[in-house]
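*Asks:* Following this message is one structure expressed as C-alpha cells.
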Amino acid sequence: MNDHLEEMLRSTLGHASELAPHAPGNLSTHIAHRSRVRRMRVQALVAAAAVVVIAGGAAVAVRGAGHDPTAVNPSVTPSPTATEMRIPAFVEEVWPQAVWKIPAKLPGGRKFQPRGFIDDHTLLLETWESFEKANAIYAYDLDSGRVRKIANIRTPKEVYASGYAVGGGRIVWQTIDVVRGEPVTSFWSAPVAGGKATAIATERAVKGRGDQLAVVGDRLAFSLLEGGVFTVPLDGGAVKPVAGAAGHHILRWPWVGAPGEYTPEGETSFQELLNVETGETSRAVVHPGEQYVRCGVTTCTGTKADPPAFYRLRDGSQERPLLPKSSLFGLALDRFLTVRLPNPPGGQVLYDVVTGKSGDLGLRPQAKGGSVAVEPGLGGGRLVAYPLRNEYVIIDLAKIR
C-alpha cells in the first residue's frame with residue numbers, strides 16, 4: 001500500500017472511530033449485504049473507511065441527477081497551502097443561491113433521505129421502513145416547503161431500491177436480486193406527478209449488478225458493475241448494448257468510460273472516456289508512480305510522492321497540489337471536494353477548485369460522539385445533503401458559479 005494512502009486511511013479511520021457511537025447490532029450485516037449486492041463501487045480499503053463513517057452516525061453519498069456547470073476545459077485555481085487555510089464563512093453565506101435548510105423530518109415526524117433533484121426547486125426524498133429499505137419516495141418543494149408523495153416502494157426481503165434518476169416525467173430506479181446464485185437487476189418507474197410504481201419490463205433478465213442510471217429521451221440508459229452500457233425503452237422492451245461501450249460505465253451521460261469507479265487493482269478510474277452521442281474520446285494522462293488516480297470528464301485527482309496529492313486537467317495540464325486532508329475520491333462535477341478541518345474546531349469545508357472559494361459545512365464533532373462525513377465524488381451528482389442538528393442542509397452544486 002502507498003505510504004501516503006495508508007497514513008490517510010489510518011487518520012480517517014482513527015478520526016472516525018474516535019467520534020463513532022455504538023452501531024446497531026445488525027449494522028455490519030446490512031453493510032456487508034449492500035456491498036455484495038447493491039453498491040460494490042469502491043475499493044476495499046475505501047469501503048472499510050466508509051463503514052466506520054456509517055457507524056459514526058451517517059454516511060452522506062453525493063449522487064443524483066444533474067448537469068455540469070463547468071466548461072469543457074475549466075481552469076483550475078491553486079489551492080491555498082496548509083498555512084493559508086482559514087476557516088471560511090458558512091456555505092449558505094458563500095453560496096446563498098445554492099443552499100437551503102429544511103426540516104429533518106416530514107410532517108408527522110417521519111425521517112427521510114434526500115436522493116436527488118427532480119428539477120431546480122424540487123427535491124426527491126426517500127423514506128425507509130428499516131435500515132436502507134425504502135418504502136416510499138416524495139417530492140419536496142424547496143420554495144414553498146410543500147411535500148407530496150410520489151409513490152410507494154415495495155421490495156422483497158434483502159432487496160433494495162437504489163440509483164434514482166429523473167427524466168421524461170418519471171422517477172426511475174433499480175433493484176438487485178440474487179437468482180440461482182447470480183445477481184439480476186430490475187428497473188422500476190413512477191410518474192413524477194405521482195402514481196403507482198411499475199416495473200420496466202425487459203425481454204430478458206439483466207444479469208449483473210446495476211451501476212449508474214440515466215434517462216435519455218424515451219429510453220433508460222444503464223451500466224453494470226461488471227461492465228457494459230445498455231439502453232431499454234422506458235415503457236419496456238429489448239435491452240440494447242451501446243455501440244463502442246463494451247466494458248464501460250456511465251460517468252456522466254453522455255460520457256461513459258473504463259475502468260469504472262470500482263478499481264480493485266488500483267487502476268485509474270475512467271482513464272478512457274467516450275461520448276456516446278458525438279464519438280469523442282479522451283484518455284487521461286497518468287504519470288509513472290502516480291496512484292489512486294480518479295478522473296472525471298475534465299479533471300483528475302491522485303497521489304504521488306511529492307506533493308502527496310494533486311488535481312489537474314485530463315490532458316495533464318494545470319496540475320495543482322491538493323490541501324492536506326482533502327478527500328481523494330475524485331471531484332464532484334469536476335470541481336468540488338471536501339477538506340477536513342483540524343481539531344479544533346473540526347468539521348469539513350466544501351472547496352471549489354475552479355474559483356478557489358470554500359464554505360464551512362457547519363459540521364463539528366459532537367460531545368456525545370457521532371459525526372457526519374460529507375464525501376463528494378465522481379459523477380454527475382449535483383446534490384450535497386447532510387443532517388445538521390434538527391435540519392437538513394441541501395446544496396445544489398449546479399447553482400454554484
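*Asks:* Cross-link partners among lysines for Lys133, C-alpha distance below 23 Å, same-chain residues fewer than 8 apart left out?
*Replies:* Lys105, Lys111, Lys149, Lys157, Lys196, Lys207
*Asks:* For the stretch 196-235, what relative contact order do you get, as a whole percent, if you take Cα pairs closer than 8 Å and at least 6 residues apart?
*Replies:* RCO, the stretch 196-235: 33 percent.
*Asks:* Now for a separate question. Where does each of Trp255, Trp173 land when they are ordered by accessible area, with a 1.4 Å probe and the largest first?
*Replies:* Largest to smallest exposure gives the sequence Trp255, Trp173.
*Asks:* Cα gyration tensor of the stretch 276-367, axes a ≥ b ≥ c as square roots of the eigenvalues: rounded (a/c below 1.5), prolate (a/b > b/c) or oblate?
*Replies:* Here the stretch 276-367 falls in the prolate category.
*Asks:* Stretch Lys196-Ala238 to full length: gain in nm at 0.36 nm per residue minus the Cα-Cα span?
*Replies:* 12.8 nm
*Asks:* Also, I was wondering about something else. Which lysines, on any chain, are close to Lys357 with Cα under 28 Å apart, when same-chain ones fewer than 8 places away are left out?
*Replies:* Lys101, Lys304, Lys325, Lys399
*Asks:* Considering only protein heavy atoms and a probe of 1.4 Å, how much of the accessible area of the stretch 180-240 is carbon and sulfur, as a whole percent?
*Replies:* After summing per-atom areas, the C and S share lands at 51 percent.
*Asks:* Oh, and also: Ordered by packing density, taken as the mean number of other Cβ atoms within 10 Å over each peptide's residues, highest first, how do 192-198, 296-302, 225-231, 382-388 rank?
*Replies:* Values: 192-198: 13.6, 296-302: 25.0, 225-231: 19.6, 382-388: 21.4.
Packing order, densest peptide first, comes out as 296-302, 382-388, 225-231, 192-198.
The values are calculated or read from the model by the stated rules, or taken from the named source; none is laboratory data. Here the structure is a predicted model, which means the values were calculated and not measured. Glycine gets a Cβ as well: all are built from the backbone with ideal geometry, and neighbour counts include every protein chain shown. SASA here: full protein model, heavy atoms, side chains in, ligands and nucleic acids out. Shrake-Rupley method; radii C 1.70, N 1.55, O 1.52, S 1.80 Å.
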